[in-house]
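In what follows, a single structure is set out as structure tokens and then discussed.
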Amino acid sequence: MSPFYKNLALWLVISLMVILLFNSFQQPTQPTQEITYSQFLSSVQGGEVSRVTIQGDHIEGTYIDGESFRSFHPRDADLVSILRDHNVEIEAKPEEQSPWYFTILLSWFPFLLLIGVWIFFMRQMQGGGGKAMSFGKSRARLLDETSRKVLFNDVAGIEEAKEELHEIVEFLKDPQKFTRLGGRIPKGVLLVGGPGTGKTLLARAIAGEAGVPFFTISGSDFVEMFVGVGASRVRDLFTQGKKSAPCIIFIDEIDAVGRHRGAGLGGGHDEREQTLNQLLVEMDGFESNEGVILVAATNRPDVLDPALLRPGRFDRQVVVPAPDIRGREGILKVHTRTKPLSPNVNVQTLAKGTPGFSGADLENLVNEAALLAARRNKELIDMTDFESAKDKVMMGLERKSMILTEEEKSTTAFHEAGHALVARFLPGADPLHKVTIIPRGRALGLTQQLPQEERHTYSREYLVSTIAILMGGRVAEELMFNQQTTGASNDIERATQMARKMVCEWGMSEDLGPLSFGKRDDQVFLGREISRHRDYSETTAIAIDNEIRKIVEDNYQRARTILTENFELLKLTAQALLERETLTLQDMDLIIREHNPSLYEQLSPKASDQKNEASAPSTSVTPPDLETPRGNSGAEDPSGESSTQTTNEKKSSEVPET
């Protein structure tokens, strides 16, 4: 019998007992008039009563006209005499006694009800299983043949990880191929990667391809409020696995149970550590677990216990990175193959315009484009839908209801024009793609740059150019309005942070040389870096501050020189932004060419580098925006900040953080 029907039967029994109890107290359904004892005596003395029935303190009677009544009497000894004197027919009944079984039921019913409710909720908490005390039973779910299969063909963008796991599947299908030379199958495979990169999807693909029993469970399912339950569930999980060997056990988010032991504030042998100890023993202890392969996934390998990562437990660590341009193209093809696409949709262009996107980001992008197309009553999803979805995902929804004063719009236009012109003139920076003053999310305007290719390392020239671009907005405001606003707060914060990392981490300081300053203090039990230990003298600290100031101020002056020499071009660009709200690279080049053809010719080599982007529709490629709360949605430079986006924050007394 399934848990559903067992719980249904329990509730039916409880309901029946409640009905029987209340039926015992049910009063006669005949309509009866309630009167006081004084009214009853008056009616008797007035000759209005024909018949009464006395039972204990209860008096039920009938008037001469046939109407019934009911009353109570205070043990009046003269009542019978009064009734006889007025010729009232009298019937006496003994007091009603409840049956013995009803008395027992009434006494024990509350306890029985509480016990029944407790059993029901215990079954619900433990997922059924037919036992009220099945705390130690594993919550692992066995995927069977009826489950929707995911195959390796459904996974794209992480080919190296697929090859590693494909070998596991081949071993399960043909173990002799590997064991004939003395090799053994890895006991455990740890999938490591950022959120949304496809770790769980890979595990589902293993389940679909292997053709063996596949148990799946989350790391948090082991930990319970009762001591020892986690370890018991680990034992039960591997017991089930041995019975079904060869099989695969997948533990998602294993960092919930596999964190470094002894890292808590109080230390000790707590429930989580006991669970981890049992997991370590089951993976590689005295007993053999041949044929049971453990696959786990985490995005925090740095907090896992070293004993869990050693060979013999997790023999392999498979890194699942964010996809490159070819990987993004493959992922987009997987997610769009069931979607009705317009012929103008270029998947390669979409992949190029989404650097740093994970698989989950790309899936969300395709879904948003489909929803937008449906909202617009289209039969096919075209490129404009993908562009609108990309802007919505990366920058937020357009704030059409936001009303800006003319002064704020003008300030925003010059701020973004400053970013755009500095980005267009500086060598070594990512090429400009789009600049807009349409409010999105928490930003009043955005300047977007499109990387020409995937970046894995960053040169000093690139970093200082990025700082100069960040300073371009503040410089433009000062040149045009001779004022400073809060709109540059995030630009200044990012520029300072990048300069500090150049000096303290990357050894890019001319005066201080290739040295690293500040030792990291890692607090593993909190799962994050808390602070940097100061391991240098006060004199060195002053030198570091001076060097950071020098880098930022030098690039501030660099941006100021560019905008001062091209002040008229700055005003033309800002005016075009006020009129059209959005400008592309081609629009910017047209303004430069009309204003100064010779200057355009000087910049033309950089423009020719972008011939592929120029030939594409102006709305086809949008770089990621890391100013939005989704900090992992775009190409990141080593400082952890966006190299492709600058924003003009909302100007207010309270500067929002992004």
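The values are calculated or read from the model by the stated rules, or taken from the named source; none is laboratory data. Just so it is clear, the model here is predicted, and its values are computed rather than measured. Methodologically, a virtual Cβ is constructed for each residue, glycine included, from the backbone with ideal geometry; neighbour enumeration extends over all protein chains shown. The accessibility values were calculated without ligands, DNA or RNA, using every heavy atom of the protein model including side chains. Shrake-Rupley method; radii C 1.70, N 1.55, O 1.52, S 1.80 Å.
Can you find a residue in the stretch 461-475 that is open to solvent by 30 Å² or more (accessible area, probe 1.4 Å), more than 20 Å from Phe414 (Cα to Cα) and modelled with pLDDT of 85 or more? Please lay out each step first, then the result.
Initially, the stretch 461-475 is screened for residues open to solvent by 30 Å² or more (accessible area, probe 1.4 Å), giving 461, 474.
Restricting the remaining residues to those that are more than 20 Å from Phe414 (Cα to Cα) gives 461.
If we keep only those that are modelled with pLDDT of 85 or more too, we end up with 461.
Yes; the residues of the stretch 461-475 include at least one that is open to solvent by 30 Å² or more (accessible area, probe 1.4 Å), more than 20 Å from Phe414 (Cα to Cα) and modelled with pLDDT of 85 or more.
Of all residues being among the polar types (S, T, N, Q) and part of a helix (DSSP H, G or I) in the stretch 163-220, which is most open to solvent (accessible area, probe 1.4 Å)? Just the residue, please.
First pass over the stretch 163-220, keeping only residues among the polar types (S, T, N, Q): 176, 179, 197, 200, 216, 218, 220.
Pick out the ones that are also part of a helix (DSSP H, G or I) and you get 176, 179, 200, 220.
Numbers: Gln176: 124, Thr179: 56, Thr200: 58, Ser220: 73 Å².
Applying the filter and picking the extreme gives Gln176.
Read through the list (1) assigned to a helix (DSSP H, G or I); (2) modelled with pLDDT of 90 or more, then give the number of the only condition that Glu387 fails.
Failing condition for Glu387: (2).
Being assigned to a helix (DSSP H, G or I) and buried (at least 19 other Cβ atoms within 10 Å of the Cβ) is the filter here, so list the residues in the stretch 570-590 that pass it. Spell out how you get there, then give the answer.
So in the stretch 570-590, the residues assigned to a helix (DSSP H, G or I) come out as 570-580, 585-590.
Matches in the stretch 570-590: Leu570, Thr573, Ala574, Ala576, Leu577, Leu585, Met588, Asp589.
Which pairs turn up if I take residues in the stretch 176-197 that are under 18 Å from Arg316 (Cα atoms) and hydrophobic (A, V, I, L, M, F, W, C) and look for partners that are open to solvent by less than 20 Å² (accessible area, probe 1.4 Å) and part of a loop (DSSP other than H, G, I, E, B) with beta carbon separation below 8 Å, at least 6 apart in sequence or on another chain?
Close Cβ pairs (under 8 Å, with a partner that is open to solvent by less than 20 Å² (accessible area, probe 1.4 Å) and part of a loop (DSSP other than H, G, I, E, B)) amount to Val189/Phe314; Leu190/Phe314; Leu191/Val320; Val192/Val320.
I'm trying to understand the selection: among the residues of the stretch 311-349, which are assigned to a helix (DSSP H, G or I) and more than 30 Å from Arg300 (Cβ to Cβ)? Walk me through it before giving the result.
If we filter the stretch 311-349 for residues that are assigned to a helix (DSSP H, G or I), which is where we start, we get 325-336, 347-349.
Those that are assigned to a helix (DSSP H, G or I) and more than 30 Å from Arg300 (Cβ to Cβ): Lys333, Thr336, Val347, Gln348, Thr349.
Residue-wise test of (1) open to solvent by less than 90 Å² (accessible area, probe 1.4 Å); (2) at pLDDT below 85; (3) part of a helix (DSSP H, G or I); (4) acidic (Asp, Glu).
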residue	(1), (2), (3), (4)
Arg520	no, yes, no, no
Glu529	yes, yes, no, yes
Tyr536	yes, yes, no, no
Thr539	no, no, yes, no
Ile544	yes, no, yes, no
Lys550	yes, no, yes, no
Asp554	yes, no, yes, yes
Arg560	yes, no, yes, no
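Quick check on my filter: what residues within the stretch 237-254 are crowded, with 17+ Cβ neighbours inside 10 Å and touching a strand residue (DSSP E or B) at 6+ places or on another chain (Cβ under 7 Å)?
Answer for the stretch 237-254, where residues must be crowded, with 17+ Cβ neighbours inside 10 Å and touching a strand residue (DSSP E or B) at 6+ places or on another chain (Cβ under 7 Å): Leu237, Phe238, Gln240, Gly241, Cys247, Ile248, Ile249, Phe250, Ile251, Asp252, Glu253, Ile254.
Being more than 14 Å from Ala369 (Cα to Cα) and out of contact with any helix residue (DSSP H, G or I) (no Cβ under 7 Å at 6 or more places or on another chain) is the filter; apply it to the stretch 338-352 and report the residue that is least open to solvent (accessible area, probe 1.4 Å).
Thr349
Looking at the structure I just gave you, is Val319 open to solvent by 40 Å² or more (accessible area, probe 1.4 Å), out of contact with any Leu (no Cβ under 7 Å at 6 or more places or on another chain) and of a type in the set (A, V, I, L, M)? Spell out the reasoning first.
Details: open to solvent by 40 Å² or more (accessible area, probe 1.4 Å): yes; out of contact with any Leu (no Cβ under 7 Å at 6 or more places or on another chain): yes; of a type in the set (A, V, I, L, M): yes.
Considered against the rule, which asks whether it is open to solvent by 40 Å² or more (accessible area, probe 1.4 Å), out of contact with any Leu (no Cβ under 7 Å at 6 or more places or on another chain) and of a type in the set (A, V, I, L, M), Val319 comes out as yes.
For the stretch 357-377, how many residues are among the charged types (D, E, K, R) and under 13 Å from Gly196 (Cα atoms)? Working first, answer last.
Looking only at the stretch 357-377, we keep the residues that are among the charged types (D, E, K, R), and these are 361, 363, 368, 375-376.
After this cut, where a residue has to be under 13 Å from Gly196 (Cα atoms) as well, the list is 361, 363.
Number satisfying all stated conditions: 2.
Within the bounds of the stretch 457-470, is there any residue that is farther than 18 Å from Leu421 by Cβ, assigned to a loop (DSSP other than H, G, I, E, B), within 33 Å of the chain's Cα centre (by Cα) and not aromatic (Phe, Trp, Tyr)?
Yes - at least one qualifying residue is present in the stretch 457-470.
Name every residue in the stretch 400-447 that is more than 16 Å from Leu572 (Cβ to Cβ), part of a loop (DSSP other than H, G, I, E, B), open to solvent by less than 20 Å² (accessible area, probe 1.4 Å) and among the hydrophobic types (A, V, I, L, M, F, W, C), in order of residue number.
Result: Leu426, Ala429.
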